[in-house]
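Some notes on the structure that comes next.
Values in this text are rule-based calculations from the coordinates and carry no lab data. Being a predicted model, the structure only gives us computed values, none of them experimental. Note that each Cβ is placed from the backbone with ideal geometry, even for glycine, and that neighbours are counted across all protein chains shown.
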Amino acid sequence: MGIMGIPRIAKKVCLVSAVCYQKDVHLDDVLQKMTEAFGTIDEKSNVFAFTHTEYYLKEMGEELFKFFCSFKALIDPMEIVSIKLESNKIESFFSKDAKRSVNIDPGYIETPKLVLATTKNYGHRIYLGQGIYGDVQLYWRNGAFRTNPWTYPDYREMDTLDFLTKVRKKYLSQKGEA
């Protein structure tokens, strides 16, 4: 007979976000709103042209840019639901004619994985509450982040993986696990 598992409170995680935006967006204003809502930005990736999908083309236009960032304060993983809802409010604030000019995709890094928060349900996503689902985009194995069959194309890029690995290393150091 096996030993029963013992429930444990989740450890704090590192809040991260992807930010995709139109070329004419005042990025400093977006970053200010994000800082007010989620705290100090700790790390920020290089900005790159977002050409990985045509998903946002109709709503946001052709010339899009994207970057990733992490936040200094660690969060309880259950906070990701309210953070996603708040990020949607920030997107609405910058919308024009009911179309977004910025897309903010929050998630978190914990020791074994990167989880993104989303409003869309698919077979590999778990309902977290209030219309928000959790999606494991990347998992850590043998010293590196690994992709899943559903991992978004820009999360497969070496620059993205390198940035997220750097954030994970800093997170482990914050927790005293490095």
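By how many nm would the segment from residue 175 to residue 32 grow when fully extended, if each residue of separation counts as 0.36 nm and the alpha-carbon distance is taken off?
This chain segment gains 48.8 nm when fully extended.
What number, rounded to the nearest 500 deg cm²/dmol, is the helix-based mean residue ellipticity at 222 nm of the chain, given -39500 (n - 2.57) per DSSP H run of at least four residues and division by all its residues?
Details: 5 runs with 51 residues, N = 178.
About -8500 deg cm²/dmol.
In what order do 3, 41 fall by count of nearby beta-carbon atoms within 10 Å, going from fewest to most?
Fewest to most other Cβ atoms nearby, the residues stand as 3, 41.
Looking at segment 61-134, which trypsin sites (Lys or Arg not before Pro) are DSSP coil and have at most 11 other C-beta atoms within 10 Å of their C-beta?
120
Specify, per residue and in Å³, the volume enclosed by the convex hull of the alpha carbon atoms belonging to the chain.
About 144 Å³ per residue, rounded to a whole number.
Can you give the relative contact order of segment 1-135 as a percent, counting alpha carbon pairs under 8 Å and 6+ residues apart?
30
Between residue 111 and residue 46, what is the label-to-label distance in nm when each label sits 7 Å out along the Cα-to-Cβ direction?
With each label point 7 Å from Cα toward Cβ, the separation is 3.3 nm.
Could you work out how much longer the chain between residue 3 and residue 121 gets when fully extended? Use 0.36 nm per residue separation minus the Cα distance between them, nm to one decimal.
39.1 nm
Taking only C-alpha pairs under 8 Å that are 6+ residues apart, what is the relative contact order of segment 94-178 in percent?
19 percent.
In whole percent, what relative contact order does segment 83-139 give with Cα contacts below 8 Å and a gap of six or more residues?
26
Chymotrypsin sites (Phe, Trp or Tyr not before Pro) within segment 1-78: which are DSSP loop residues with at most 14 other Cβ atoms inside 10 Å? Kindly include the intermediate steps, with their values, before the conclusion.
Numbers: sites: 21, 38, 48, 50, 55, 56, 65, 67, 68, 71; in loops: 50, 55, 56.
Those satisfying the criteria are 55.
Among all helices in the chain defined by DSSP H, which have a length of 18 Å or more along the axis from Cα atoms plus a Kyte-Doolittle mean of at least -1.0? Please report the intermediate quantities before stating the final value.
Numbers: long enough: 80-93 (19 Å, 0.26); 158-174 (24 Å, -0.58).
Span-like helices here: 80-93, 158-174.
Taking the Cα centre of the chain as origin and charging only Cβ (+1 Lys, Arg; -1 Asp, Glu), how large is the dipole, in debye to the nearest 20?
Here the size comes out at about 700 debye.
So if I take the centroid of the Cα atoms in segment 91-119 and the same for segment 18-33, what is the distance between those two points in Å?
12
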